[in-house]
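Structure, as structure tokens:
The values are calculated or read from the model by the stated rules, or taken from the named source; none is laboratory data. As the structure is a prediction and not an experimental result, all values here were calculated from the model. Cβ: placed from backbone, ideal geometry, glycine included. Neighbour counts: every protein chain shown.
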Amino acid sequence: MTDAQEHALAVLRDIDACFHRLFEAVDNADETAATPVADPITILRRVRSQIDAALLDQHRRTDDKPLPDGGSCVLQWTPSDTPPRRLVLEPDGDGDKWTRRELEWTGAGWRTCRRDTIRDVAISAPAEPRYPDPVDPPILDTLLALIRGTWTNPDPDVLVFDTLGMTEQGVLVAVDGELRYRDAGSPQWYTVTNEAELSHHLQQKGQPVVQSLSETSLTRQHFTPSPLTDDEG
């Protein structure tokens, strides 16, 4: 990432923090309910969501790699409770045989789960493109960079595993440079000392997303007491 891009991201994060402070100020203002214009909270949250999307899109464009060419067909989807997957069909030189590869996202790249050779391939697709081109999901390092340094914000950014609620939701925060993970129903949090552990969570719960802590069922208090004395959860 260039210096200009780093600066732009830093500015956007500062704006994001300002919006959080505005939320608190508007929440505490008695005259808000009597204001005849559109709900300012709704407007501010809509603007903030656009900033979050811009931040993630910037990282995604930086990390995206070109897809294979040469006539390959790529189908990508995200299951409800597992990481993103791809099905890639690659024709051989004579076009008579194709290599079929099934891949699973690991958080750092694509892992081949199955590979075989197929024949007599027939493909039907809409005449007009209806779906976006497949892109790599943001890698875990990129997502971690988005939540680091936000704990001092009024509403810090966190990584949320299993946003669809298919299993118990897990939340990862960055407190003073330390990564702390907690499942929603767990009595305590634990420190993530090896970031490779997060790949295991990704395989079990699917690709995590960046959300505000207030959008989860957990609060700051769930991550700040000592994990050895946090008996009340």
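Here are a few things to note about the model shown:
- Hits in segment 85-135 - residues which are among the aliphatic types (A, V, I, L, M) and not in a strand (DSSP E or B): ALA108, VAL121, ALA122, ILE123, ALA125, ALA127, VAL135
Yes/no matrix, rows are residues, columns are (1) assigned by TED's automatic domain parsing to the domain that holds ASP183; (2) surrounded by 15 or more Cβ atoms within 10 Å (Cβ to Cβ):
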position	(1), (2)
ASP96	no, no
THR99	no, no
TRP105	no, yes
TRP110	no, yes
ILE118	no, no
ILE123	no, no
TYR131	no, no
LEU144	yes, yes
ASP157	yes, yes
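- Screening PRO138 on (1) outside any strand (DSSP E or B); (2) more than 16 Å from TRP105 (Cβ to Cβ) shows it passes everything except condition (2).
- Residues satisfying the stated conditions in segment 199-223, i.e. among the hydroxyl-bearing types (Ser, Thr, Tyr) and outside any strand (DSSP E or B): SER199, SER214, THR216, SER217, THR219
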